[in-house]
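First up is the structure itself, then whatever we jot down about it.
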Amino acid sequence: MNIIEKFNQLSFVIGFFFIIIAVVLIGGYLLIAQLAHDENLYTGIGMLVFGLIMLKVKSE
């Protein structure tokens, strides 16, 4: 399955979106002192897990 077909699957797009947001939240937590709140880390981890699950879901 090529990348164009994957982007036509809603589960892939949702998973990709959540992973991008998770990277922003976790990166902000680790790199910027003003964003170093536990909520950012926990929310980022939760979104990362959800995004990875969505990438693994097969839509047929």
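Note on the range 27-54: residues that are modelled with pLDDT under 95, among the β-branched types (Val, Ile, Thr) and crowded, with 16+ Cβ neighbours inside 10 Å amount to 0. Each residue in the range 1-26 was checked for being out of contact with any helix residue (DSSP H, G or I) (no Cβ under 7 Å at 6 or more places or on another chain) and over 12 Å from residue 48 (Cα atoms), and 8 pass.
The values are calculated or read from the model by the stated rules, or taken from the named source; none is laboratory data. Computed from a predicted structure; not experimentally measured. So basically every Cβ, Gly included, is an ideal-geometry build from the backbone, and we count neighbours across all protein chains shown.
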